[in-house]
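Here is the structure we will look at, set down as structure tokens.
The values are calculated or read from the model by the stated rules, or taken from the named source; none is laboratory data. Fair warning: this is a prediction, and the values are worked out from it, not measured in the lab. Note that each Cβ is placed from the backbone with ideal geometry, even for glycine, and that neighbours are counted across all protein chains shown. Side chains included, ligands, DNA and RNA excluded: accessible areas come from the protein's heavy atoms. Shrake-Rupley method; radii C 1.70, N 1.55, O 1.52, S 1.80 Å.
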Amino acid sequence: MTGNRIVIVGGGTAGWLTAAYLAKRLGADRPDGAKITLVEAPDIATIGVGEGTFPTIRSTLAELGVSEARFLRESSATFKQGVRFVNWERRSENGKSSEYFHPFNLPLRPNGRDLSPYWLLEHQAGATLPFADAVTTQGAIIGEGRAPKRPEDPDFQGPMNYAYHFDAARFADFLRGVAVEAGVTHLKGKVDGVTRDMRGDIASIQAGELGTIEGDLFIDCSGFRALLIGEALGAPFKRVDDVLFNDRALAIQVPYETPDAPIDPYTLATAHEAGWTWDIGLDSRRGVGYVFSSRHTDEARAEEVLRGYVGRAGDGLDARLLKFQTGYRERQWIGNCVAVGLSAGFFEPLESTGIMLIEAAAVMIAEVFPLRDRAALDAGARNFNRLMAGRFERIVSFLKLHYGLTRRDEPYWRDNADPATWPEALADLLAQWKHRPVSRFDFLVDLETFLPSSYQYILYGMNAATDFAPVAGRYDEGAAARQSFAKVAEAAREAVRRLPPHRQLVEAYYARG
Ligand code: FAD
């Protein structure tokens with residue numbers, strides 16, 4: 001099979017991000033480049049959520065060749081330095097909450113030394129500094145509401161690792177602009193037919209008055225409908241709701257009380273009786289949503305919880321209900337059709353994996369082009385499926401880690417803490433991490449979205465029970481480790497002095513022409 005015609009079905013974040021990325025990487029504006037067409041149904045709305053991202057988004061945006069200022073301004077974007085988790089370990093009692101931070105910065109490793117066992121031993125001896133604050137400066141920076149960079153830092157770079165929050169609808173519009181400028185043809189029409197060839201590949205799609213659209217590679221970005229990969233090609237959907245229970249979200253947009261209110265430079269994730277709320281600060285509003293399990297609560301009670309969290313600021317505002325199925329397709333690429341975005345799978349918004357998986361898919365698709373040889377295409381598809389299924393599987397374990405270590409006692413949390421609901425791989429890791437630190441050999445690096453340090457941040461943030469006393473003698477560089485902790489604290493104070501308040505940086509970017 002040969003050819004360079006790519007047809008993308010769907011104009012949500014998945015469709016436009018894939019279109020823009022492939023157009024840039026595959027030279028859609030050159031006569032010999034890929035011919036990319038995106039078809040979207042104007043009457044079928046996009047999901048319209050998806051406002052938190054992962055640091056990979058910076059290199060994706062840099063690849064699109066846009067300035068950071070244009071992206072920020074056109075998407076109403078702000079900066080995100082990680083996730084602050086509140087009440088996941090315990091319920092708030094007498095006004096005292098349990099909380100920890102999962103920063104994007106990697107932990108300091110002086111001379112390659114892992115500080116985590118030293119922190120654990122100090123912690124067990126009574127030290128109170130949280131793990132994230134002991135090993136990185138980023139906790140102090142978000143605590144003071146600082147930005148991850150200064151206005152004079154180069155685009156997409158800064159002293160702190162960061163991603164963004166943005167308005168999902170504006171981000172899709174921004175991507176559409178970039179994609180069309182880069183040579184993507186945009187068609188509006190509802191796809192209502194799929195024609196397959198003798199081999200079973202997709203030969204063309206039909207879209208009402210647009211007629212027949214032929215292509216060499218078809219990318220299914222049609223959202224939960226999964227028009228091509230699911231309906232036409234029948235790729236099975238693997239449910240994982242026995243592990244990750246959430247299947248509903250109630251979302252609301254809340255204006256700030258004053259236009260100059262500080263903007264949190266992190267996602268605030270607060271646990272509730274049957275789920276958790278995301279709280280994302282944009283320039284003129286917050287995006288808030290309660291993600292919950294319909295097996296553990298009902299929609300009326302969920303709305304009460306959401307409104308209780310938002311308070312008076314939510315009076316008179318509508319909340320929108322979203323239903324989703326938790327799982328993924330193990331075969332996301334079949335023949336000449338590949339699924340990207342919600343059609344490939346979805347878990348829940350915890351740790352913002354949706355858009356990151358779209359980015360990963362777009363990079364891998366770009367690498368199989370041009371399509372010259374059928375055997376290479378099939379091999380590329382098998383490779384893609386192995387990598388993607390592996391990634392999805394490991395994300396399930398990482399997300400479950402957030403729930404499994406809870407000490408909360410409501411039925412939802414008790415069910416989450418029941419090892420019978422944990423993936424075996426996670427249970428095996430937790431059994432070992434009780435007695436030894438997290439090791440990079442616990443992970444198959446190419447399949448991982450979350451590095452070993454992310455597991456450390458969650459594990460020790462949740463105060464997972466550990467018993468290192470029998471091997472304490474092995475960790476005999478305590479004095480050097482204490483010096484490292486002191487250096488982190490000093491560097492944090494210095495960084496807080498040098499970095500601007502978050503809103504100030506956002507406004508400086510918006511003001512750029
Ligand atoms: P959609 O936005 O549903 O787009 C589907 C497109 O297909 C639309 O343009 C539609 O018109 C088109 N279409 C459908 N049928 C046809 C047809 N017959 N013909 C032509 N076109 C058709 N991800 C993150 O990374 N971070 C987050 O914080 C985050 N939060 C989330 C919160 C919730 C509650 C949910 C449900 C998801 C969240 N996600 C998040 C995931 C994220 O929203 C999605 O990954 C992302 O928006 C991509 O969606 P999509 O483009 O695949 O689908």
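Looking at the range 393-416, can you tell me whether even one residue there is free of Cβ contacts under 8 Å to residues at least 24 places away in the same chain and among the basic types (Lys, Arg)? Yes: the range 393-416 contains one or more residues that are free of Cβ contacts under 8 Å to residues at least 24 places away in the same chain and among the basic types (Lys, Arg). Does ALA300 fit the bill of being under 27 Å from THR18 (Cα atoms), modelled with pLDDT of 95 or more and among the small types (Gly, Ala, Ser)? Against the criterion (under 27 Å from THR18 (Cα atoms), modelled with pLDDT of 95 or more and among the small types (Gly, Ala, Ser)), ALA300 does not qualify. Please verify whether LEU228 is open to solvent by less than 10 Å² (accessible area, probe 1.4 Å), in contact with a Leu (Cβ under 6 Å, 6 or more places away or on another chain), within 15 Å of the ligand (Cβ to nearest atom) and at negative phi, treating the condition exactly as stated. Considered against the rule, which asks whether it is open to solvent by less than 10 Å² (accessible area, probe 1.4 Å), in contact with a Leu (Cβ under 6 Å, 6 or more places away or on another chain), within 15 Å of the ligand (Cβ to nearest atom) and at negative phi, LEU228 comes out as no. Pick from the range 306-316 the residues that are out of contact with any helix residue (DSSP H, G or I) (no Cβ under 8 Å at 6 or more places or on another chain) and among the hydrophobic types (A, V, I, L, M, F, W, C): which of them is farthest from the ligand (Cβ to nearest atom)? Looking at the filtered set, the residue picked out is ALA313. Residues in the range 275-284 that are over 20 Å from GLN81 (Cβ atoms) and part of a strand (DSSP E or B): 1 in all. On the stretch given as the range 477-513, residues that are over 30 Å from TRP433 (Cβ atoms) and in a loop (DSSP other than H, G, I, E, B) total 5.
Can you find, within the range 201-226, the residue that is modelled with the lowest pLDDT among those that are within 21 Å of GLY12 (Cα to Cα) and out of contact with any strand residue (DSSP E or B) (no Cβ under 6 Å at 6 or more places or on another chain)? By that ranking, first place goes to GLY208. Taken over the range 318-347, residues that are closer than 20 Å to GLY275 by Cβ and either open to solvent by 20 Å² or more (accessible area, probe 1.4 Å) or near the ligand (Cβ under 7 Å from one of its atoms) (or both) amount to 10. When the residues of the range 249-269 are filtered to those that are within 16 Å of the ligand (Cβ to nearest atom) and either out of contact with any helix residue (DSSP H, G or I) (no Cβ under 7 Å at 6 or more places or on another chain) or among the aromatic types (Phe, Trp, Tyr) (or both), the one that is farthest from LYS323 (Cα to Cα) is ASP264. Taking the numbered list (1) open to solvent by less than 30 Å² (accessible area, probe 1.4 Å); (2) touching a Leu at 6+ places or on another chain (Cβ under 8 Å) in turn, LEU210 passes all entries but (1).
Conditions tested, residue by residue: (1) within 15 Å of the ligand (Cβ to nearest atom); (2) open to solvent by 10 Å² or more (accessible area, probe 1.4 Å).
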residue	(1), (2)
GLY12	yes, yes
ALA19	yes, no
LEU26	no, yes
GLY33	no, no
PRO42	yes, yes
ILE47	yes, yes
GLY50	yes, yes
SER59	no, yes
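Among the residues of the range 213-225, just one is within 16 Å of the ligand (Cβ to nearest atom) and either under 30 Å from ALA147 (Cβ atoms) or touching a Lys or Arg at 6+ places or on another chain (Cβ under 6 Å) (or both), namely GLY215.
Among residues of the range 451-476 that are assigned to a loop (DSSP other than H, G, I, E, B), those with a beta-carbon under 7 Å from a residue that is among the aliphatic types (A, V, I, L, M) at least six positions away or on a different chain give the pairs MET462/LEU405; ALA464/LEU405; THR466/LEU120; PHE468/LEU120; PHE468/LEU121; TYR475/LEU121.
Taking first residues from the range 174-192 that are free of Cβ contacts under 8 Å to residues at least 60 places away in the same chain and partners that are surrounded by fewer than 18 Cβ atoms within 10 Å (Cβ to Cβ), the Cβ contacts under 9 Å between residues at least 6 apart in sequence or on separate chains come to VAL180/HIS186; GLU181/ASP29; ASP192/GLN206; ASP192/GLY208.
In the range 61-94, what residues are crowded, with 23+ Cβ neighbours inside 10 Å and on the phi > 0 side of the Ramachandran plot? If the condition is that a residue be crowded, with 23+ Cβ neighbours inside 10 Å and on the phi > 0 side of the Ramachandran plot, then GLY82 is the only one that fits. Does GLU490 count as within 27 Å of THR137 (Cα to Cα) and open to solvent by 20 Å² or more (accessible area, probe 1.4 Å)? Taking the combined requirement at face value, the residue satisfies it.
Within the range 271-294, if we keep just the residues that are of a type in the set (Ser, Thr, Tyr) and in contact with a helix residue (DSSP H, G or I) (Cβ under 7 Å, 6 or more places away or on another chain), the residue that is farthest from LEU350 (Cα to Cα) turns out to be SER293.
Among the conditions (1) within 16 Å of the ligand (Cβ to nearest atom); (2) in contact with a Leu (Cβ under 8 Å, 6 or more places away or on another chain); (3) open to solvent by 10 Å² or more (accessible area, probe 1.4 Å); (4) of a type in the set (Gly, Ala, Ser), SER352 misses just one, which is (2). Listed by first and then second residue, the pairs with beta-carbon distance under 6 Å, at least 6 apart or on different chains, first residue in the range 144-157 and closer than 17 Å to ARG493 by Cβ, second hydrophobic (A, V, I, L, M, F, W, C) and open to solvent by less than 20 Å² (accessible area, probe 1.4 Å), are ARG146/LEU499; ALA147/PHE79; ALA147/LEU499; ALA147/LEU505; PRO148/PHE79; PRO148/MET160.
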